[in-house]
Each structure stands twice: as structure tokens, then as C-alpha cells.
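The values are calculated or read from the model by the stated rules, or taken from the named source; none is laboratory data. The structure presented is a predicted model; accordingly, all values stated were derived computationally and were not measured. Reconstructed Cβ throughout: ideal geometry from the backbone, glycine too, with neighbour counts over all protein chains shown. In case anyone asks, the SASA skips ligands and DNA or RNA and just uses the protein heavy atoms, side chains included. Shrake-Rupley method; radii C 1.70, N 1.55, O 1.52, S 1.80 Å.
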Amino acid sequence: MTPRAYGSWPSPVTADAIVQGSVGLGDIVLDGADTYWTEARPSDAGRVVIVRHVANGEREECTPLEHSVGSRVHEYGGGAYTVAEGMIYYVNLHDQQIYRQRFAGPAVALTAQPNARFADLCWDGQRRRLLAVCEIHADQGEPENVLVAVSGKADGSEPVVLASGADFYSSPTLSPDGQHLAWLSWNPPNRPWDGTELWRAELDVAGWPQKAQAVAGGPQESIFQPQWGPDQRLYCVSDRNGWWNLYECQGQHLEPLWPMAAEFGLPQWVFAMSTYAINDDGVVYCAYCQEGRWSLGQLRPGQPLEPLATPYTQIDGLRSYGDRLVFRAGAPDQMSAIVERNPLDEVLQTLRHAGESPLAVEAISRPVPMRFPTSQGAQAHAFFYPPTHPEYQGLPGELPPLMVISHGGPTAATRTSLNLQVQFWTSRGFAVVDVNYRGSTGYGRAYQQALTGAWGEVDVADCVAAAEYLIAQGRVDPERCAIRGRSAGGYSTLAALTFHRLFRAGASYYGISDLETLARDTHKFEARYLDQLVGPYPAARDLYRQRSPIHHIDRLDTPIIFFQGLEDKVVPPNQAETMVAALRAKGLPVAYVTFAEERHGFKQAANIKRALEAELYFYARVFNFSLAEAIEPVPIDNL
């Protein structure tokens, strides 16, 4: 192998290779023998389309060219379409109205409510209508969230409210006989991963809910994905035993299907998330997570959980129709894909890959699970990716620079499927540690709740401890440690750079610098979220200021690059701009890269490419290594 400085290795994982031909694979819907999913296409300005896959293997794009599929309920959306009897019903991103179309035919509007947004679509075939979550925006005040019914006849009628009164709704699901409706609701300061209520109601002939009652859940119990079985039994996921496990609802009693120390659920940041599916024989196919890795299993009535062999470590989006099972999956050497499992021969068929990897198998850096000591005598989790290249190694006596990744959320978790944005760094000679800090999901409710009142402290401590653990093992260069994060991960990044002295550079992608501003200005879904993560505002105002990097610029002495979408409503641009101005005034090296049409998360290929290359260029200047390729420079003040 050829010795060459870490960071300067030539790599086939270029920014162009990451964005060209890649797609984001979204919600799966089954309709008879046909399989549908959404594709977010960076090469088409981030447009999202519905794709239909038929039994003979052919695929066709269904969405009209002038439309992009996507909901903005809760700002994050999800559940923006469904399919029934060959008819597609979807939310158009640009006007947030519901349309119907048959395959690739013309689209017909079903709603005309300019102040309303829709999500979590569910077809009610008996009554020829859609059930949906509706978010109504008035000129002043917070939006109102309700459950509605929308006529599927395009007759000009307005949506009819079926349930109201709670702050949030999700997951309307109809029993197979059409006689019962179940849904979830919750109220601040809870988020759906903190505490939700599962409601059940009978439907009269006209489809109005009757005798609605809460059958499970509460402020200290998170219910996820209510779903009816073929025998009219209602199932759900609950974390009442400290783990998101599967249950059958028997009246107001939940009967566990198979209790175990594993997560069968996910934090409901978007609608229509699914970790289990029930076939026509009542077999429950389920994805479950242990130590950050996902597996596939099945539960037959009255029998133990039976693991099903797959090569995957990331599995979600399960859907079943008849005896078919389709899901989204990925592995350390495989990008995310839509996969169908044949129940007869157990063969796994890939229907669509998110993209092709430019890496040979031996060039892939694979995640190594890492459990390490952290503050307060606790332990935290991460995945370590060593620098990997089949042709190059570091110079004699040289240690690789370390990239610490702090994921967003903060209630979320890192994924273990092949991520070319991680390989972008490891193939150039960076070591990467992707941290599942305390507060992450996938390790039980207690681990998740460890962030309560401690955001900006324990998450940051875990990111620092992960780097210190690798430094102590002699695996990385202590003088070239960087940290990067998006959104909430951007806040952890800025806090780590401000309140600790370990890191020598950082990258904040639409990160939070002022917790007070976020508490006052954020959207409804995350309003009062900080009550739990930090403390009630404004009573805990001093604590907010204490943990906000913007108020402690005097403690910063580290170069930082900021990336910001100017249309971001979740973390507005003023969060980054205030921080950048303060760093410029202090004379610290700082770069600020903006994208005019991006929201919270970059969707367009050119912008994703620019951000990656700009970040690499920034580290090359700060850490003083040469680049193996030509990259457009990014202006860096005070360097």
C-alpha cells in the first residue's frame, strides 16, 4: 500500500458520485400485486415522486411533472399518499392539497383548503373517502390539528372533522370490516415518543365515530403504530415495560406478544412510520433493534419470536398485503433498498436500490459497535468507522484525523446501512465515530429519557467521551478532531466547540446556537419540546442562556463552518447568522454557506455537493492537508 497523508487519499466517493443517480426511498404502500414507494430525487431539485412496481418487474413514475409529493404537517410531514383499487391519493407539496390519479393519468384535486395541510392518508373503501390528519393554519396563533374525512369523489365538499380537542393526531387506521377506527393523540409538552393515547371508536353507518375511548397510553407511555389484524383485533407498540414492544389491545388491557429488551418502535418524527406488518394469516412480521442494529422476525399466534435471516442491519417501513411482505432495508455494505420477501422460498428480492456505491467491497469502512464510559458514571454507544482504502495508508507515525458525528433529533439514532456521506470521509483517510448519545432511541426508554433536562450536557459529554476513548486507544490524532452535526446535532456540535477544548474544528448544518430563540420561534410540533430537554421557558431562562453557545462566544477559539437553508422554518437562518457575525467580530476563522431555496435539510443535488466539498475544503485548510481533487474554494474569514 502507498503511504499518503490522512485526509488526502484519492477517493472514488466524490460529491458527484453521492448525488448523481441517488434517490431517497420513502413510504411503501401495497395495493394488490403492485408495490408503490416514493423517491426523493436530488438531481430533480429534490422533487418527490411516487413509483409503481408491478409483478413483472416493470416500474413507472406516477406523479405529474408539475407536482412533488410531500406533506408539511408538523413541518416534517410523512404519510403523504396512499393507494387503493389502483387509485393513487397524494398530497402535493407546493399547495398541500390532496389529489387523486389513476397510475400515470391526470390528477384531480379533492381539496381546496388554502390554509390547510394534510397527512397520514388512510382509504375508507366502504364510504369512498380518505381519513387524514389535517393541520389548519390561521393568520394568528398556533395551527389546529384534527382528524378529518375527505370525500374521494372530487365533489367540492369540504373535509369533515371526525376528532378534535387534542393538540396532535396521527395514525388513523380502519378495521378490515370498516366498523372501527383507531388513532393516536397527544398534548404538549409530550412528544409522541414521550407519551401518547391510543383511541378507539365505533363508526356508524354514516362513518361518524361513536363511543370513542382511550384504551391505552398516557403521559408516561408512548404508543406507536396502531394497526388492525385480519381478525379485527387491534395491535400497537408500547414502551410501558421500558422498551417499545408489541401488544394486542384487549379492551383496555394490553397483552404483550413477546416481551423482550428490544425496540420494536421508532420515534414518530414523521407520519406513517411502520416497524411491523400483519399478513392475512395473522402472522406479525416485525423489525426490532438491539444495540443499534435492526433484525427481522415473525410472531405466530401463541409462539415465540422467530428471527428471520437477512443480511440487513437497518429495517423499517414494513408492509404486508395477502402473504406479501415488503420493507425498506440496508446493511453496512448495501445502501437502502426496497426489498420483498417471498414467504414460500424466503428469497429476498430487491425492487429498488437508493443508489449504486462507487466503492469495491474491500474499500468499504464498516461500522464497529462501540460502548464507552462517559460522564456521571454512565456508558454511551456509537459506531466507529476506521479510515479504509485498498491502495493507501497513512504516513509512518501519523494518526488519522477524527470526525465525530452528532445525529439530529435529538430523539433519533444513527443508521448502520451504507452511507456514502460517511464513506466520503473514511475513504479519504478520516476516522469517523457516529455517536448514539444518551437521548438516542434504540436502547430503551431509560436511555432515551436520560436527556430529559440535560440537553446540551449529556449529549455533548458523550460526543467528547467518544473522541477521548478513541484518543486513549491511540487510534486517532488528538490534534485533529472535528465534530459535525445537523439541526439538533448542530446544537450539540456548537455546544461541544464552545464548552470543551477537545475539538479543533467543526461544521454546523442548520444548527441551533440560541435555545431561547428556538423556544420562542419554533413551530407547533416542537413548541415546548425544550421544556423537557432543558426546562420550562421562560422560568428556566437562565438555564437556556447558560447552555446557548451564542452567549459564550468568549469561550470559543475553534474554526467553524456553517451551512444554512434560507427557507428553513424549523431552525431559522438568524440562528446561524448571529453566530457567524459574533465569530467574525472576534476574529475566529469562520465560513458561512447558504442555499436560497433549501428548507430544513438539503434536497437539491447541487447544494448537497457544494456543502460536502466546502466542508472538506474547510478541514483541509484548518488541518493543513492537501486535497486529492480540485474543489471550488469557500471563503473563510479570519483564517
Qualifying strands (runs of 3 or more DSSP E) (wholly inside the range 227-266; at least 3 residues being farther than 17 Å from N279 by Cα and open to solvent by 10 Å² or more (accessible area, probe 1.4 Å)): 253-256
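Please tell me if E221 is among the charged types (D, E, K, R), under 17 Å from L147 (Cβ atoms), touching a residue at least 24 places away in the same chain (Cβ under 8 Å) and open to solvent by 10 Å² or more (accessible area, probe 1.4 Å).
no
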The one condition in (1) over 27 Å from K524 (Cα atoms); (2) part of a loop (DSSP other than H, G, I, E, B); (3) open to solvent by 20 Å² or more (accessible area, probe 1.4 Å); (4) out of contact with any helix residue (DSSP H, G or I) (no Cβ under 6 Å at 6 or more places or on another chain) that E158 fails to fulfil: (1)
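From the residues in the range 370-411 that are of a type in the set (S, T, Y) and part of a strand (DSSP E or B), which one is nearest to the chain's Cα centre (by Cα)?
S406
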Per-region count, the range 534-591, residues in a loop (DSSP other than H, G, I, E, B), surrounded by 15 or more Cβ atoms within 10 Å (Cβ to Cβ) and of a type in the set (A, V, I, L, M): 6
Count - residues of the range 337-358 that are open to solvent by less than 20 Å² (accessible area, probe 1.4 Å) and out of contact with any Lys or Arg (no Cβ under 6 Å at 6 or more places or on another chain): 6
Yes/no for D95 being in a loop (DSSP other than H, G, I, E, B) and either open to solvent by 20 Å² or more (accessible area, probe 1.4 Å) or at pLDDT 95 or above (or both): yes
Pick from the range 508-526, criterion out of contact with any Gly (no Cβ under 7 Å at 6 or more places or on another chain) and part of a loop (DSSP other than H, G, I, E, B), ranking: surrounded by the most Cβ atoms within 10 Å (Cβ to Cβ): S513
Lone unmet requirement of (1) in contact (Cβ under 8 Å) with a residue 40 or more places away in the chain; (2) under 23 Å from V590 (Cα atoms); (3) open to solvent by 20 Å² or more (accessible area, probe 1.4 Å); (4) not β-branched (V, I, T) for A505: (3)
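Among the candidates S295, S365, single out the residue that is touching a residue at least 12 places away in the same chain (Cβ under 8 Å), touching a Ser or Thr at 6+ places or on another chain (Cβ under 6 Å) and surrounded by 13 or more Cβ atoms within 10 Å (Cβ to Cβ).
Result: S365 is the single residue among S295, S365 that is touching a residue at least 12 places away in the same chain (Cβ under 8 Å), touching a Ser or Thr at 6+ places or on another chain (Cβ under 6 Å) and surrounded by 13 or more Cβ atoms within 10 Å (Cβ to Cβ).
Residues that are farther than 22 Å from H74 by Cβ and part of a loop (DSSP other than H, G, I, E, B): does the range 143-151 have at least one? Spell out how you get there, then give the answer.
Of all residues in the range 143-151, those farther than 22 Å from H74 by Cβ come to 151.
This time we only want the ones that are part of a loop (DSSP other than H, G, I, E, B), so: none.
Looking for residues that are farther than 22 Å from H74 by Cβ and part of a loop (DSSP other than H, G, I, E, B), one finds none in the range 143-151, hence no.
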